[in-house]
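Peer 1: Here's a structure for you.
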Amino acid sequence: KLQLQQAIAKAIEEKISGDQRRYLLNEQLKAIKKELGLETDDKTALSEKFRERIEAKKDKCPPHVLQVIEEELTKLQLLEASSSEFNVTRNYLDWLTVLPWGNYSNENFDVHHAQQILDEDHYGLSDVKERILEFIAVGKLRGTSQGKIICLSGPPGVGKTSIGRSIARALNRQFYRFSVGGLADVAEIKGHRRTYVGAMPGKMVQCLKSVGTANPLVLIDEIDKLGRGHSGDPASALLELLDPEQNINFLDHYLDVPIDLSKVLFVCTANVIDTIPNPLLDRMEIISIAGYITDEKMHIARDYLEKNTREACGIKPEQVEVTDAALLALIENYCREAGVRNLQKQIEKIYRKIALQLVRQGVSNEPALEAVIVTPSVEPTDGGSATIVKDEKLNDPAVKDPEEAKEPSLKETLVTEPALSTDTLSTPEGNKDTDGVKEEAADKAVKKVLIDSSNLDDFVGKPVFHAERIYEQTPVGVVMGLAWTSMGGSTLYIETTKVEEGEGKGALVMTGQLGDVMKESAQIAHTVSRAILRDKEPDNKFFADSKLHLHVPAGATPKDGPSAGCTMITSMLSLAMGKPARKDLAMTGEVTLTGRILPIGGVKEKAIAARRSSIKTIIFPAANKRDFDELADNVKEGLEVHFVDTYSEIYKLAFQNETETS
Ligand code: ADP
């Protein structure tokens, strides 16, 4: 027993002396380090750091903030360095001192300068640019541009974000972007309370920290897709942030001292404006961008996208030529959507492939390349003619390895000439006349890639869209309508067929992922068609006796909205009377039970969509005439537009013209 006691006492003694030893050594180490100047006392070092930071901003920093910082610094000294509270305080001080209190970038209200920058970055969009310039002009007169929230709305890829960036550049403000799409946690905007583990300030405070100025341009993306919060409403938190009346004293939960956001310029982006919470919408100035027509896309591709991509790939302008025909084919067959982001991707794809081709041929852009390119100056318009195929040769006599694998359909012809072998690349059509071309091409050593509509496939694959039009001429029961979605405008067909016939069988089934509104509008259309048919052909018992099936392709895309009303009536009437609707006609408009046509949204988008599908005649509600008249001329050009108030006018246009002329 005694022995056991002794053993325990010994063990304890050993442990204690071990601990003591370690402590002692540690302290000595610290003292030595301090002596050597390697490390000052942690706490003092920290306070010093914070003091230094805030010293620089002292005159601009609001007094209440200085006071809080002072208090926190004192607290820091009293806390044990290993306590969790110490960490919290340290982080807090870190945030407080790092913010750009009162540090503003010099705003540039020069309208000419702004115009220049906007034009430099974006093609077209003149109305949008004009609105932005107006805004800057007001800023100049007032001396400040606060108090407005701009909201850019439009389909994806039309340049909303990049315009935001341009405005920042024009105004000489820092740019910061964050997305609120699907945001459900109010803390993302307002910050957490400091007592939470891992608490963080909200996005806005993070923004100020990262940009380092108190007047950045903040782009809030996808404001139409704001989530629903479980605790607290993100929309009202955002309102607190954006509203010029409220944001002078924006209070972040983490920061706990009010910050002045009134100098921040907010620009929001949205695909549609109907889903933006109303109080927010109220305070915004909406600028809508509808999307681009082919002609505009050509310019954007030529002057902006191609240039940027070429530079990004390190390819020299003289090493590549993309013909107009190829570009047009690319736009019309691959990139039909409203925006240009996909177009940009395709162009990038092409240039990446070109880069690979050039490198495989041993082209290196680093040393000054002196390849003088001589090409026949025939501008191909018909695509793939023999002349084009000639300068398509990528001939580099010095290189022997065949460049296959990447360009599957580019055939390789090995020609043995004295001491060199030439790899000849040509398109399938070009193969027949390679013989005549090779000598000429070989001595030119043209290191140039030519892309034309004939070899476009090799670069971007087969066309994605064959046509938006399923029918060349719409058969009986099928009519083209115009739709508007958050992705821009598009054409869609409404198809109606008869399922069965029999006395009193009149009914309607619907398919095509229609929403409630659209289903109702089909019912309305059914009723209205019946009334019209009774009027036009009193003996026709079609609707009373036939079960109809109405379908809207494509079946996988959900659709909703009332604007297909008049199209549905036309489709049903066409079936009932056995007459196809007039060729190349598309229409849009909501219909009431009495056959009046109500206005619809997205006029510009729909007009663009109609142009894309080469529709000649469009029917719009009369109430939309103003919207249409305001459109740019290049959108309106070549369209025959009828504005109607009642369905009977559509009836005349769709069915009677046809019979009269034929
Ligand atoms: P969004 O935010 O509307 O979805 P982005 O701003 O990201 O679209 O634009 C996609 C790309 O298209 C960007 O690279 C942008 O530079 C380019 N772009 C869009 N519109 C134009 C235009 N009018 N001129 C030149 N480039 C454009």
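The values are calculated or read from the model by the stated rules, or taken from the named source; none is laboratory data. Source: prediction; values computed, not measured. Don't worry about glycine lacking a Cβ; one is built from the backbone with ideal geometry, like all the others, and counts go over all protein chains shown.
Peer 1: Output the number of residues of the range 604-622 satisfying the condition of being at pLDDT 85 or above and out of contact with any Leu (no Cβ under 7 Å at 6 or more places or on another chain).
Peer 2: Qualifying residue count for the region: 2.
Peer 1: Related question: Would you check if residue 589 is buried (at least 18 other Cβ atoms within 10 Å of the Cβ), in the same structural domain as residue 511 (by the TED database) and within 22 Å of residue 496 (Cβ to Cβ)?
Peer 2: Judged against the criteria, residue 589 is a match.
Peer 1: Give the residue that is surrounded by the fewest Cβ atoms within 10 Å (Cβ to Cβ), with candidates limited to residues of the range 272-321 that are within 16 Å of the ligand (Cβ to nearest atom) and in a strand (DSSP E or B).
Peer 2: So, considering only residues that are within 16 Å of the ligand (Cβ to nearest atom) and in a strand (DSSP E or B), the one surrounded by the fewest Cβ atoms within 10 Å (Cβ to Cβ) is 286.
Peer 1: Considering only the range 620-648, state which residues are more than 32 Å from the chain's Cα centre (by Cα) and in contact (Cβ under 8 Å) with a residue 40 or more places away in the chain.
Peer 2: 644, 645, 646, 647, 648
Peer 1: Residue 182: more than 17 Å from residue 217 (Cα to Cα) and not aromatic (Phe, Trp, Tyr), yes or no?
Peer 2: It is true that residue 182 is more than 17 Å from residue 217 (Cα to Cα) and not aromatic (Phe, Trp, Tyr).
Peer 1: If you check every pair at least six apart or on different chains, which have Cβ atoms under 8 Å apart with a residue in the range 50-64 that is at negative phi first and a residue that is part of a loop (DSSP other than H, G, I, E, B) and modelled with pLDDT under 80 second?
Peer 2: Sorted first by the residue in the range 50-64, then by its partner, the list stays empty.
Peer 1: Would you say residue 221 is acidic (Asp, Glu), closer than 29 Å to residue 131 by Cα and not assigned by the TED database to the domain that holds residue 62?
Peer 2: Criteria met by residue 221.
Peer 1: With the checklist (1) in a helix (DSSP H, G or I); (2) within 26 Å of residue 108 (Cβ to Cβ); (3) not basic (Lys, Arg) in hand, flag the one item residue 176 doesn't pass.
Peer 2: Single failed check for residue 176: (1).
Peer 1: For residues that are buried (at least 18 other Cβ atoms within 10 Å of the Cβ) and under 24 Å from residue 605 (Cβ atoms), tally how many sit in the range 343-356.
Peer 2: Residues in the range 343-356 being buried (at least 18 other Cβ atoms within 10 Å of the Cβ) and under 24 Å from residue 605 (Cβ atoms): 4 in total.
Condition check ((1) more than 16 Å from the ligand (Cβ to nearest atom); (2) outside any helix (DSSP H, G or I); (3) among the β-branched types (Val, Ile, Thr); (4) under 19 Å from residue 183 (Cβ atoms)) across all residues:
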site: 194; (1), (2), (3), (4): yes, yes, no, no
site: 198; (1), (2), (3), (4): yes, yes, no, yes
site: 201; (1), (2), (3), (4): yes, yes, no, yes
site: 230; (1), (2), (3), (4): yes, yes, no, yes
site: 239; (1), (2), (3), (4): yes, no, no, yes
site: 261; (1), (2), (3), (4): yes, yes, no, yes
site: 268; (1), (2), (3), (4): no, yes, no, yes
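Peer 1: Tally time: how many residues in the range 478-537 are of a type in the set (A, V, I, L, M, F, W, C) and either in a strand (DSSP E or B) or not assigned by the TED database to the domain that holds residue 579 (or both)?
Peer 2: 14
Peer 1: Checking residue 185 against (1) more than 12 Å from the ligand (Cβ to nearest atom); (2) in contact with a strand residue (DSSP E or B) (Cβ under 8 Å, 6 or more places away or on another chain); (3) within 30 Å of residue 92 (Cβ to Cβ), only one condition comes out false. Which one?
Peer 2: Among (1) more than 12 Å from the ligand (Cβ to nearest atom); (2) in contact with a strand residue (DSSP E or B) (Cβ under 8 Å, 6 or more places away or on another chain); (3) within 30 Å of residue 92 (Cβ to Cβ), residue 185 violates only (2).
Peer 1: I've got another one for you. Need at least 2 residues that are basic (Lys, Arg) and farther than 23 Å from residue 474 by Cα per element, so show me which helices (runs of 4 or more DSSP H) inside the range 546-639 make the cut, counting only ones lying wholly within it.
Peer 2: Qualifying helices (runs of 4 or more DSSP H): 625-629.
Peer 1: Now for a separate question. When you scan the range 7-21, do you find a residue that is of a type in the set (D, E, K, R) and closer than 27 Å to residue 191 by Cα, even just one?
Peer 2: Looking through the range 7-21, none of the residues is of a type in the set (D, E, K, R) and closer than 27 Å to residue 191 by Cα.
Peer 1: Right, here's the next one. Can you name the residue in the range 134-165 that is polar (S, T, N, Q) and more than 9 Å from the ligand (Cβ to nearest atom) and, of all such residues, is surrounded by the fewest Cβ atoms within 10 Å (Cβ to Cβ)?
Peer 2: Among those that are polar (S, T, N, Q) and more than 9 Å from the ligand (Cβ to nearest atom), it is 144.
Peer 1: Anything in the range 203-228 that is assigned to a helix (DSSP H, G or I) and either surrounded by 23 or more Cβ atoms within 10 Å (Cβ to Cβ) or more than 16 Å from the ligand (Cβ to nearest atom) (or both)? List them, or say none.
Peer 2: Listed by number, the residues that qualify are 203, 204, 205, 206, 207, 208, 209, 210, 211, 223.
Peer 1: For residue 463, indicate whether it is at pLDDT 55 or above and out of contact with any strand residue (DSSP E or B) (no Cβ under 7 Å at 6 or more places or on another chain).
Peer 2: Against the criterion (at pLDDT 55 or above and out of contact with any strand residue (DSSP E or B) (no Cβ under 7 Å at 6 or more places or on another chain)), residue 463 qualifies.
Peer 1: Check 94, 127, 119 and return the single one that is touching a residue at least 12 places away in the same chain (Cβ under 8 Å), over 18 Å from residue 217 (Cα atoms), within 16 Å of the ligand (Cβ to nearest atom) and in a helix (DSSP H, G or I).
Peer 2: Matching residue, one of 94, 127, 119: 127.
Peer 1: Does residue 617 qualify as being of a type in the set (Ser, Thr, Tyr), more than 16 Å from residue 565 (Cβ to Cβ) and over 29 Å from the mean Cα position of the chain (by Cα)?
Peer 2: yes
Peer 1: Also, quick follow-up: Only one of these is in contact with a helix residue (DSSP H, G or I) (Cβ under 9 Å, 6 or more places away or on another chain) and at pLDDT 85 or above: 256, 295. Name it.
Peer 2: Just a single option satisfies the conditions, and that option is 256.
Table: residues versus (1) in contact with a Ser or Thr (Cβ under 9 Å, 6 or more places away or on another chain); (2) over 30 Å from residue 256 (Cα atoms).
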position	(1), (2)
135	yes, yes
166	no, yes
176	yes, no
183	no, no
186	yes, no
190	no, no
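Peer 1: Give me a count of the residues in the range 329-348 that are out of contact with any Gly (no Cβ under 9 Å at 6 or more places or on another chain) and part of a helix (DSSP H, G or I).
Peer 2: 8
Peer 1: Considering only the range 248-265, state which residues are under 28 Å from the mean Cα position of the chain (by Cα) and within 22 Å of residue 95 (Cβ to Cβ).
Peer 2: Of everything in the range 248-265, those that are under 28 Å from the mean Cα position of the chain (by Cα) and within 22 Å of residue 95 (Cβ to Cβ) turn out to be 261, 262, 263, 264.
Peer 1: Go through the residues of the range 509-520 one by one and say whether even a single one is touching a helix residue (DSSP H, G or I) at 6+ places or on another chain (Cβ under 6 Å) and of a type in the set (Gly, Ala, Ser).
Peer 2: no
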